[in-house]
Amino acid sequence: MFTITEIYNNIPGDSRLKTEWGFSCYIKEAALLFDTGGDAAVLASNMAALGIDPADIRTLVLSHDHWDHIGGLAAVLGRNPDLDVYLLDTFSDETKTAVQSVARMHIVRDWQEIAPGIFSTGPLAGAIPEQALALEGADGFFIITGCAHPHISTIIEDVRGHGTVHGAIGGFHAVSNTDRTALRTLPYLAPSHCTDALALIIGENAERCRQGGVGAHHTVQTKRK
C-alpha cells in the first residue's frame with residue numbers, strides 16, 4: 001500500500017497546516033517527497049505538524065523547475081546525507097548545484113522506476129518540461145502531477161503506454177477539452193493547486209472526485225507479491 005499525504009498546497013484543508021501557493025506530497029512507505037512547495041519555512045512547519053522528519057526522507061523527486069515546486073528545498077537538502085534527488089536535465093544550473101552540493105543527483109531522461117512500484121514518466125514534451133509520478137497499484141497506475149503543464153491528457157496517455165490508469169491527483173494546469181475528456185475516464189481524481197478549472201472538473205466528476213488540499217490523504221492499494 002502507498003499512503004500519500006499532500007503536505008503543501010494552496011487549497012485549504014487540515015487546520016493544523018499552513019496554506020501557501022505551491023505543491024508537495026509525501027509517500028510514507030517509500031519515504032519519498034514529491035516537490036517541495038514554494039517556501040522552506042512553510043514546508044518545515046507542515047512536516048513537523050504531520051510528524052515527518054526531513055532526515056528520514058530518502059528520495060526527492062522534483063517535477064519542474066518553478067519556484068512553487070522547488071522553493072522549499074532548503075527544508076530538505078542537507079538533512080539526510082544519503083538523499084537521492086531526481087530531476088530533469090532542463091533544470092537550472094543553480095538548482096542542480098544546490099542539489100549536488102548535499103545529495104546524490106539523478107537526471108531522469110525516460111520512464112524510470114524511482115522506488116519499488118513508483119515510476120517517473122521522464123520528461124514530457126511541452127513548453128515547460130515536466131515529469132510526473134506513476135504509482136503501480138492493484139487497480140492500475142495512480143498519477144501524481146506537479147502542474148501538468150504538458151497537459152494532464154498527455155500524462156494519462158503516456159502512462160497508459162505502461163498499463164491501466166486508475167487515478168490522478170495534483171495540479172492540472174490549463175485544462176483543455178481534451179483534458180476534460182481524459183479525466184472523465186478515471187475512477188479517482190483529486191485536483192488541486194494550479195487547477196484553473198477546479199470547480200468545473202469537480203462538477204463534471206463529482207462522484208469520482210476526492211478532496212485535494214493541504215493535509216489530504218490518498219491510499220493506493222498495491223498488488224500482492
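The values are calculated or read from the model by the stated rules, or taken from the named source; none is laboratory data. From a predicted model like this one, the values you see are computed outputs, not experimental measurements. Positions of Cβ are generated from backbone atoms using ideal geometry, with glycine treated the same way; all protein chains shown enter the neighbour counts.
Go through (1) of a type outside the set (S, T, N, Q); (2) surrounded by fewer than 22 Cβ atoms within 10 Å (Cβ to Cβ); (3) modelled with pLDDT of 95 or more one by one and return the number of the condition Gly22 breaks.
So the condition that Gly22 fails would be (2).
If you go through the stretch 43-50 one residue at a time, do you hit one that is more than 14 Å from the chain's Cα centre (by Cα) and hydroxyl-bearing (Ser, Thr, Tyr)?
yes
Limited to the stretch 121-133, what total is found for residues that are on the phi < 0 side of the Ramachandran plot, out of contact with any Pro (no Cβ under 7 Å at 6 or more places or on another chain) and assigned to a loop (DSSP other than H, G, I, E, B)?
Number satisfying all stated conditions: 4.
For the stretch 151-194, enumerate the residues that are closer than 19 Å to Ser24 by Cα and modelled with pLDDT under 95.
His173
For the subset of the stretch 28-76 comprising residues that are within 17 Å of Ser192 (Cβ to Cβ) and of a type in the set (S, T, N, Q), which member is surrounded by the fewest Cβ atoms within 10 Å (Cβ to Cβ)?
Thr36
Residue-wise test of (1) under 11 Å from the mean Cα position of the chain (by Cα); (2) farther than 26 Å from Pro12 by Cα.
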| position | (1), (2) |
| --- | --- |
| Leu124 | no, yes |
| Ala127 | no, yes |
| Leu133 | yes, no |
| Gly146 | yes, no |
| Val159 | no, yes |
| His162 | no, yes |
| Gly170 | yes, no |
| Ser176 | no, no |
| Pro187 | no, no |
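Answer yes or no: is there a residue in the stretch 171-193 that is among the basic types (Lys, Arg) and more than 20 Å from Ala132 (Cα to Cα).
The answer is no, given that none of the residues of the stretch 171-193 is among the basic types (Lys, Arg) and more than 20 Å from Ala132 (Cα to Cα).
Of the numbered conditions (1) free of Cβ contacts under 8 Å to residues at least 40 places away in the same chain; (2) within 18 Å of Met47 (Cβ to Cβ), Lys96 fails exactly one; give the number of that condition.
(2)
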